[in-house]
Amino acid sequence: MNESEFDKRATDTLLRIEQAIEESGADIDFEGAGGILTLEFANGSKIIINKQGAAKQIWVAARSGGFHYGYVNGEWVNDQGGGELFAELSRLVREQSGEDVTLGS
């Protein structure tokens, strides 16, 4: 995947995350700018999701740690545990917000 393809896929993914958060009805504030999406919860904690062009990955920083996702066979896959981005992000959001949120892929 070249840089342009990565940028389009990653940008589309960040927009899909925003849309999924909005549609969930959960009390989560979010702001996207410059390839960085910040989710802020009522308890003041945050999850930061950003594009890493040089590595061609999406990185997630959450209270429980940092996670890197590369694009493999049509989905963003965690390079450490093999989990899918939306499934793992749903779990991270639930852990930090206390709300039962499921983000679709």
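A few comments on the model shown:
Rundown of residues vs (1) in contact with a His (Cβ under 6 Å, 6 or more places away or on another chain); (2) over 13 Å from W59 (Cα atoms); (3) assigned to a helix (DSSP H, G or I), yes/no style:
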site	(1), (2), (3)
R9	no, yes, yes
D12	no, yes, yes
A26	no, yes, no
T38	no, no, no
N43	no, yes, no
I49	no, no, no
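- Filter result (of a type in the set (G, A, S) and farther than 19 Å from E88 by Cβ) within segment 11-31: G25
- Across segment 49-105, the qualifying residues are those that are of a type in the set (F, W, Y) and in contact with a Leu (Cβ under 7 Å, 6 or more places away or on another chain), and the one among them that is surrounded by the fewest Cβ atoms within 10 Å (Cβ to Cβ) is F86.
- Residue under evaluation I58, criteria (1) of a type in the set (V, I, T); (2) at pLDDT below 95; (3) within 18 Å of M1 (Cα to Cα), criterion not met: (2)
- Cβ-Cβ contacts under 8 Å between residues 6 or more apart (or on different chains), taken from a first residue in segment 38-52 that is without any contact (Cβ under 8 Å) to a residue 40 or more places away in the chain to a second residue that is assigned to a loop (DSSP other than H, G, I, E, B) and of a type in the set (D, E, K, R), are absent.
- Within this structure, E3 passes the test of being farther than 18 Å from T102 by Cβ and touching a Lys or Arg at 6+ places or on another chain (Cβ under 9 Å).
- Those residues of segment 65-97 which are hydrophobic (A, V, I, L, M, F, W, C), touching a Ser or Thr at 6+ places or on another chain (Cβ under 8 Å) and either assigned to a strand (DSSP E or B) or without any contact (Cβ under 8 Å) to a residue 12 or more places away in the chain (or both), in sequence order: W76
The values are calculated or read from the model by the stated rules, or taken from the named source; none is laboratory data. Just so it is clear, the structure is predicted and the values come from calculations on it, not from any experiment. All Cβ positions, even for glycine, are placed from backbone atoms using ideal geometry, and neighbour counts span all protein chains on display.
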